[in-house]
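A.B. asks: Once you've had a glance at the structure underneath, I'll fire off some questions.
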Amino acid sequence: MLRIIGIDPGSRMTGVGIIDTHKQQVQYVHHQTIHCGNGDFPERLGLIFSGINDIIKQYKPHEMAIETVFMAKNPQSAIKLGQARGAAICATHAQSVKVHEYAPKAIKQAVVGQGGAAKSQVQYMVGLLLNLQQKIQADAADGLAVAICHANNRWTQQHIIAGRTGSWRNL
């Protein structure tokens, strides 16, 4: 069993999702949105850092997956997103959790089947894949999607390696 925390960073809201995975099975553990508000930017980064730090202490994930920065039309937005990612990565690294990064299109591809999927499609598929009854807030659903993407990627890599040894049918 492997516990994965997925993070969708944002300077106003950071989505967090945690799943357990074993072979091809994924199981929902937790999700939440860290609300950073509109205050002073360094304070918001501090909220991301402390919020993720607290979540990691409580749920003890083995690995973390985070969305990479996409090229925004507004360079200032891209810089702030990069700093939010940095706060999340530092909080995770401080707890000795291994970090993995995925492009937004790769995450959508892994969960929805197409890289240009809308947020509502990601929300729907995350709920379906994790058998959740309630609708999930968009940023938290994105955090769960990042975790699912990483679980799928790990499973695929294990099968490629196992295929090289000739034992992939036994997994």
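A.B. asks: Taking amide H positions as placed in the peptide plane 1.01 Å from N, state which residues far from residue 66 in sequence (5 or more) or on other chains have amide H under 5 Å from it.
C.D. replies: 7, 100, 101, 102
A.B. asks: Looking at the chain, I'd like the Rg to Rh ratio, where Rg is from alpha-carbon atoms and Rh is Kirkwood's inverse mean 1/r. Each step should come with its number before you reach the end.
C.D. replies: Numbers: Rg = 15.9 Å, Rh = 16.2 Å.
With Rh from the inverse mean 1/r over Cα pairs, Rg/Rh is 0.98.
A.B. asks: For the chain, calculate the relative contact order in percent as a whole number, restricting contacts to Cα pairs under 8 Å that are 6 or more residues apart. All intermediate terms of the calculation are to be shown ahead of the outcome.
C.D. replies: Numbers: 322 pairs, mean separation 50.5, N = 171.
After rounding, I find 30 percent.
A.B. asks: Helix-derived [θ] at 222 nm for the chain: sum -39500 (n - 2.57) over DSSP H runs of at least 4, divide by residue count, nearest 500? Walk me through the numbers on the way to the answer.
C.D. replies: On the way: 5 runs with 86 residues, N = 171.
Computed ellipticity for the chain at 222 nm equals -17000 deg cm²/dmol.
A.B. asks: If you line up the long axis of helix 119-129 against the longest principal axis of the chain, both from Cα atoms, how many degrees apart are they, to the nearest 10?
C.D. replies: Roughly 40 degrees, rounded to the nearest 10.
A.B. asks: Which order, highest average first, do 44-51, 144-151 follow once you tally other Cβ atoms within 10 Å for each residue and take the mean per peptide?
C.D. replies: The most tightly packed comes first, giving 144-151, 44-51.
A.B. asks: Further question: Just going by the charge dipole of the stretch 24-143, with Lys and Arg at +1 and Asp and Glu at -1 on Cβ, which of 128, 69, 29 is farthest out on the positive end?
C.D. replies: After comparing all options, I get 128.
A.B. asks: What is the calculated FRET efficiency for residue 1 to residue 120, with r their C-beta to C-beta distance and R₀ = 35 Å, to the nearest 0.05? The partial results should precede the final answer.
C.D. replies: On the way: r = 31 Å, r/R0 = 0.88.
It comes out at approximately 0.70.
A.B. asks: Relative to the first principal axis of the alpha-carbon coordinates of the chain, what is the inclination of helix 75-94, with its axis defined by its Cα atoms, in degrees from 0 to 90 and to the nearest 10?
C.D. replies: Roughly 60 degrees, rounded to the nearest 10.
A.B. asks: Further question on the same structure: Quick one: check the C-alpha center-to-center distance for the stretch 31-98 versus the stretch 110-162, whole angstrom.
C.D. replies: 19 Å
A.B. asks: With a point put 7 Å past each Cα toward its Cβ, work out how far residue 62 is from residue 41 in nm, to one decimal.
C.D. replies: My value for the distance between the label points is 3.8 nm.
A.B. asks: Please give the charge dipole size of the chain, origin at the Cα centre, charges +1 on K and R Cβ atoms and -1 on D and E Cβ atoms. Round to the nearest 20 debye. Write down the numbers at each step before the final one.
C.D. replies: Values: 17 positive and 10 negative charges, 86 e Å.
Value, rounded to 20: 420 debye.
A.B. asks: Now for a separate question. Put a dot 7 Å past each Cα toward the Cβ at residue 137 and residue 101; how far apart are the dots in nm?
C.D. replies: 2.6 nm
A.B. asks: Which pairs, out of 23/60; 57/98; 108/135; 60/98; 98/135; 60/135, put more than 21 Å between their alpha-carbon atoms?
C.D. replies: On the way: 23/60 19 Å; 57/98 14 Å; 108/135 18 Å; 60/98 12 Å; 98/135 29 Å; 60/135 25 Å.
The answer is 98/135; 60/135.
A.B. asks: In addition: How high is the FRET efficiency from residue 12 to residue 157, r the C-beta distance, R0 30 Å, rounded to 0.05?
C.D. replies: Values: r = 34 Å, r/R0 = 1.12.
Taking R0 as 30 Å, the efficiency between residue 12 and residue 157 is 0.35.
A.B. asks: Something else about it: Residue by residue through the stretch 46-63, which ³J(HN,Hα) values in whole Hz follow from phi under the Karplus form 6.51 cos²θ - 1.76 cosθ + 1.60 (θ = phi - 60°), with glycine and proline marked x?
C.D. replies: x, 5, 5, 4, 5, x, 5, 4, 5, 5, 5, 4, 6, 9, 6, x, 8, 9
Just so you know, all these numbers are worked out from the coordinates, no wet-lab data involved. None of these values were measured; they are calculated from a predicted model. In this analysis, Cβ positions are derived from the backbone assuming ideal geometry, glycine residues included, and neighbour counts consider all displayed protein chains.
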